[in-house]
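In what follows, a single structure is set out as structure tokens and then discussed.
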Amino acid sequence: MNLLATLRERFRSALTGLVDATAAGELAEMVLPSQDAKFGDYQANCAMPLGKRLGKPPREVAAAIIERLDVAEFCEPPEIAGPGFVNLKLRDEWLVAKLQANVKDLARTGVEPVAAPRTYVVDYSSPNVAKPMHVGHIRSTVIGDALYGVLKFLGHRVISDNHIGDWGTQFGMIIYGYKHFVDEAALATDPVAELGRLYRFVNRLVEHHATKNEAIPAASAKIARMQSDFDDLRAETMPADPHETKKVEKKLRQAEATLAEARAELAALQAKVAEVDADPALAKVAAAHADVGKAVLSETAALHAGDLTNRALWERFLPDCLAEMEATYERLGVTFDHALGESFYEEKLAGVVADLEARGLAVESDGAMCVFLDGFDAPFLVRKQDGAFLYATTDLATIAYRMQAWRPDAILYVVDHRQSLHFQQLFATVRNWGYETVELQHVSFGTVLGEDGRPYKTRSGSAVGLAGLLDEAVERAYAIAEKSEALTTDEERRAVARRIGIGAIKYADLAHNRTSDYKFSYDKMLAMTGNTAAYMQYSYARVRSIFGRGEIDVAALRTGGATIALAEPAERALAVALVQFSEVLARVAAEYRPNFPTDYLFDLASKYASFFENCPVLKAPSPAVRDSRLLLCDLTARTIERGLNLLGIEVVERM
């Protein structure tokens, strides 16, 4: 039962006679769990804004709300506090009855399926298969997987689709690299490593020439303009007014700082070029492949046009790339219902553009096909001047396919915030295309940062490989497991280390508000205190150990007729937290934020720690009290396990 939703519905009914239905709904959303137990378990703050609207004292309005409010089945009589807060305390009898029912509900622990299931398509991870997965893929993968797990558990029909990049320019780079730089022996021994080397090498050549021929001249021209503007500003006569003089001086300082930043950026570009030029062998190769950028695009275009050689190479390379990617997902415990990559939609792209053109949505502009949208300065490009299609075209084809094949109520794209403009234009185009009712959500997220506050990279400046990231987390977790007296064999220590290490990386990501950046730190994510996976896994193991120490048959306890009593404040606080699990999952479905469950689980573990400290379990004053507290322990362990599992994190029985 989602008690918060029920309370809000009851308040909505009580408010309907005082305001219109829309306002009643908005005011009912102000019913929230209380932040302090002395104010009850839930608190409604709606009387103050309603009193202002009605021109009445808030306490008088609160009294009118209470008079119309029907919550007696699960709440004590509501109380008015302060200027007009309505405090609600759950009836202990109701709490006990709810928990007793949850004891026997092994499958769902009191979380009821939604009354009106929706169909969701969740699009996440989506790596380019020709490139090794790196730290940037972790956020999309674990956030998307957590949303998939929660939505499915709530009873929705959920379809996960890994829209892999298996048809883009990265394959053009690999094909070009194979034709010019391949090490056949290395390719035979470790195909993925050699393909990755070819990609990185060709990409470096492309970036070298683009930097030398485009970025540096553009940066130099920008600095010249900025320097001219700065000189003009400095040459202006200072105003007589001291206040205005300060404004001009501030403007000069800002312009000087901006100019310094631009020069630093130019110096960094020049250093990249100089690094290649300083290596005679590399410089010779770069000089011999001066048109590598155009050549890569030509190889990509040939692949898309059905060139037999390039198609054969693509078919040869793709299985090894997919296998490597799948191995990483297996380590993460992530699976997908579908992995329909860009190549799946290749034959549909021309039809998408033709349909947009027929509907008057796409028009030709300078040889390209564009969708011009209200509110956007730049058009949404769906076909380039050379006839090549773009990500935009593929995304449109993907939506059309999903709507036809799965008929979703909502499509969620778990993609980083830098793609926000793309999705705004994509969604606007889709609405104009006729898909008006489906919910389209860009579930955006921030960047993984290093300890220096910059995007997390290796010393060479490249993205940190995901496989290496997982390896180090597991090895660090093994160092922790080695010190445990509870783990008696190396096999057990290795298994626990894997769960702790992988769980640490996932939980650290999920525990942050997804729209925020966060600093990646092994020490913090593997800490045994604070809101970490290691602490939650330890909390679970700690609860479960009680049953082992007491030689308790949990199955017999659940069916033996033991009853829960809430005589101590710590028992009651734990009980309230346990019945709020449904509310937290509902919030995830409403806002697509998996940090809600991590916050809840940490709070639950904290309340359990207080309960354990203040309420002896195995040494309880009577068998009845002992069994009551054992049932609370059992419900706590099951809730932690369920919550972590929904986030894709495994528990450990011993640590």
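Structural remarks
- Residues of region 6-27 that turn out to be assigned to a helix (DSSP H, G or I) and either touching a strand residue (DSSP E or B) at 6+ places or on another chain (Cβ under 8 Å) or among the charged types (D, E, K, R) (or both), as a count: 7
- Between D377, D416, D337, D409, the distinction of being open to solvent by 10 Å² or more (accessible area, probe 1.4 Å) and more than 29 Å from G136 (Cβ to Cβ) belongs to D409 only.
- Residues satisfying the stated conditions in region 323-338, i.e. more than 13 Å from I649 (Cα to Cα) and of a type in the set (A, V, I, L, M): A323, M325, A327
- So R234, is it modelled with pLDDT under 95 and assigned to a helix (DSSP H, G or I): yes
- Residue ID - nearest to E76 (Cα to Cα), chosen from residues in region 94-145 that are more than 25 Å from the chain's Cα centre (by Cα) and among the β-branched types (V, I, T): V96
- Per the conditions (1) open to solvent by 40 Å² or more (accessible area, probe 1.4 Å); (2) of a type outside the set (A, V, I, L, M); (3) in contact with a Lys or Arg (Cβ under 8 Å, 6 or more places away or on another chain), the sole criterion not satisfied by H180 is (3).
- Test for A290: is it under 30 Å from C321 (Cβ atoms) and assigned to a loop (DSSP other than H, G, I, E, B): yes
- Tally, over region 116-138, of residues that are open to solvent by 60 Å² or more (accessible area, probe 1.4 Å) and either of a type in the set (K, R) or modelled with pLDDT of 95 or more (or both): 4
- The combined condition, being surrounded by fewer than 22 Cβ atoms within 10 Å (Cβ to Cβ), farther than 25 Å from D603 by Cβ and over 29 Å from the mean Cα position of the chain (by Cα), is not fulfilled by R476.
- Just so you know, in region 96-131 the residues that are basic (K, R) and assigned to a helix (DSSP H, G or I) include one that is farthest from P569 (Cα to Cα), and it is K104.
- Residues that are in a helix (DSSP H, G or I) and open to solvent by less than 50 Å² (accessible area, probe 1.4 Å), drawn from region 237-256: T245, V248, L252, A255
- Filtered residues of region 325-353 (kept if in a helix (DSSP H, G or I), more than 13 Å from W167 (Cα to Cα) and among the hydroxyl-bearing types (S, T, Y)): T328, Y329
- Cβ-Cβ under 9 Å pairs, at least 6 apart or on other chains, region 34-58 side at positive phi and modelled with pLDDT of 95 or more, far side β-branched (V, I, T) and in a strand (DSSP E or B): G40/V86
- With respect to the stated conditions, T211 fails to be closer than 27 Å to K519 by Cα, in contact (Cβ under 8 Å) with a residue 40 or more places away in the chain and assigned to a helix (DSSP H, G or I).
- Residue satisfying condition, being open to solvent by 60 Å² or more (accessible area, probe 1.4 Å), in contact with a helix residue (DSSP H, G or I) (Cβ under 6 Å, 6 or more places away or on another chain) and of a type in the set (D, E), within set D229, D277: D277
- Checked against (1) at pLDDT below 95; (2) crowded, with 20+ Cβ neighbours inside 10 Å; (3) in a helix (DSSP H, G or I), R200 passes all but a single condition, namely (2).
- Scope region 28-61; condition hydroxyl-bearing (S, T, Y) and in a loop (DSSP other than H, G, I, E, B); matching residues: S34
- Only one of T169, T189 that is under 35 Å from the mean Cα position of the chain (by Cα) and open to solvent by 40 Å² or more (accessible area, probe 1.4 Å): T169
- Residues in region 7-25 that are within 33 Å of the chain's Cα centre (by Cα) and exposed (fewer than 15 other Cβ atoms within 10 Å of the Cβ) were compared, and the one that is farthest from Q100 (Cα to Cα) is T22.
- Region 561-577, residues that are open to solvent by 10 Å² or more (accessible area, probe 1.4 Å) and closer than 25 Å to Y535 by Cβ: E568, P569, A570, R572, A573, V576
- For region 70-95, the candidate set comprises residues that are open to solvent by 30 Å² or more (accessible area, probe 1.4 Å) and touching a residue at least 40 places away in the same chain (Cβ under 8 Å); within that set, the residue that is farthest from P569 (Cα to Cα) is D70.
- Figure legend. Inter-residue proximity from region 142-157: first residues touching a residue at least 24 places away in the same chain (Cβ under 8 Å) and on the phi > 0 side of the Ramachandran plot, second residues open to solvent by 20 Å² or more (accessible area, probe 1.4 Å) and not acidic (D, E), beta-carbon distance below 9 Å, spacing 6+ or different chains. Indicated pairs: G155/P113; G155/V114; G155/A115; G155/P117.
- Selection within region 419-461 - assigned to a loop (DSSP other than H, G, I, E, B) and open to solvent by 80 Å² or more (accessible area, probe 1.4 Å): E436, T437, E451, D452, R454, R459, S460
- Hey, D523 in contact with a Lys or Arg (Cβ under 9 Å, 6 or more places away or on another chain) and open to solvent by 30 Å² or more (accessible area, probe 1.4 Å) or not: yes
- Members of region 131-189 that are β-branched (V, I, T) and in contact with a strand residue (DSSP E or B) (Cβ under 6 Å, 6 or more places away or on another chain): V135, I143, V158, I159
- Single match in A271, A221, A262 (criterion: free of Cβ contacts under 8 Å to residues at least 12 places away in the same chain, in a helix (DSSP H, G or I), of a type in the set (A, V, I, L, M) and over 24 Å from M173 (Cβ atoms)): A221
The values are calculated or read from the model by the stated rules, or taken from the named source; none is laboratory data. Quick caveat: nothing in here was measured; it's all calculated off a predicted structure. All Cβ positions, glycine included, derive from the backbone under ideal geometry; neighbour counts span all protein chains shown. Quick note on the areas: whole protein, heavy atoms, side chains included, nothing else; ligands and nucleic acids left out. Shrake-Rupley method; radii C 1.70, N 1.55, O 1.52, S 1.80 Å.
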